[in-house]
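Starting off with a structure, shown below.
The values are calculated or read from the model by the stated rules, or taken from the named source; none is laboratory data. Remember, predicted model here, so these are calculated numbers, not experimental data. Don't worry about glycine lacking a Cβ; one is built from the backbone with ideal geometry, like all the others, and counts go over all protein chains shown.
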């Protein structure tokens, strides 16, 4: 099977690398508007060759879109016009608008909307690496609107990447990712800006920063090219989530200013329950790796 990957950054490059390494595909064709990225991906061995979009799509059996969500929104209808037998999937963090853009396309059932819940704060083909998706969760949205064989192929692709597949409605996906992904990035951006502004008057503040600060603001290094369109496309859900977050911050502020130590303790103890959730998540990831490796 021949795979075309549109967008050769962290996600696209890592998928291309592991699908070829694990013999899911026999050949990987790369497409990227950035000629430097395309050259780097070829040199790093992420793809076998570079082609233009039309040639790549028509030469392949499966097409993976790994580009920012605004670019994906523009590119997908054109790609659907180019396909014959090919199966198309995307890897974007928002789904409702994208699905609507091809809702009435005659080949809609050859498109499987997806979102692998994995990544780092780094970008570009140099950031791509094997094992990025191991143990993580992959979301496949609105599978009932896609051909069963297409859904099966994309599910098998994620299993090859050692991921656990979850099927979900696009509206639910966008709402939930606003909580578990989009909010964390906004929080990191906001904290980074707050401390950077303080640095202007207190030059040594970053010398005091320790591991806790580093891990909290790590996501602030993420690409604006990727995240600004995500925030725009999911603004309805993000607005609601941000308001809840602001309310919680205000609650902490009020309790601290009022010296209500019991109230602060209660909030912290309640937040500590996240340990249970994260422990279960880690367990699920380990089990997923074992199950997919043993298949």
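Test of understanding: among 66, 103, which residue is crowded, with 23+ Cβ neighbours inside 10 Å, assigned by TED's automatic domain parsing to the domain that holds residue 125, at pLDDT 95 or above and in contact with a helix residue (DSSP H, G or I) (Cβ under 9 Å, 6 or more places away or on another chain)?
Within the list 66, 103, the selection yields 66.
With respect to the numbered conditions (1) loosely packed, with under 10 Cβ neighbours inside 10 Å; (2) under 30 Å from residue 136 (Cβ atoms), which one is the sole condition not fulfilled by residue 291?
The failed condition is (1).
Identify, from the list 47, 28, the residue that is crowded, with 18+ Cβ neighbours inside 10 Å and either free of Cβ contacts under 8 Å to residues at least 24 places away in the same chain or part of a loop (DSSP other than H, G, I, E, B) (or both).
After ruling out the rest, the residue left standing is 47.
Another question about this same structure. For the stretch 279-288: of the residues being within 19 Å of the chain's Cα centre (by Cα) and in contact (Cβ under 8 Å) with a residue 60 or more places away in the chain, which is surrounded by the fewest Cβ atoms within 10 Å (Cβ to Cβ)?
284
Something else now. Given the conditions (1) surrounded by 17 or more Cβ atoms within 10 Å (Cβ to Cβ); (2) touching a helix residue (DSSP H, G or I) at 6+ places or on another chain (Cβ under 8 Å); (3) free of Cβ contacts under 8 Å to residues at least 60 places away in the same chain, and given that residue 145 satisfies all but one, which numbered condition is not satisfied?
(1)
Could you list, in sequence order, the residues of the stretch 170-223 that are surrounded by 15 or more Cβ atoms within 10 Å (Cβ to Cβ) and not in a helix (DSSP H, G or I)?
Selection gives 222 alone.
Another one. Out of all the residues in the stretch 57-70, is one or more more than 22 Å from the chain's Cα centre (by Cα) and more than 21 Å from residue 114 (Cα to Cα)?
Looking for residues that are more than 22 Å from the chain's Cα centre (by Cα) and more than 21 Å from residue 114 (Cα to Cα), one finds at least one in the stretch 57-70, hence yes.
Could you please give the count of residues in the stretch 131-158 that are within 21 Å of residue 18 (Cβ to Cβ) and either part of a helix (DSSP H, G or I) or over 17 Å from the mean Cα position of the chain (by Cα) (or both)?
9
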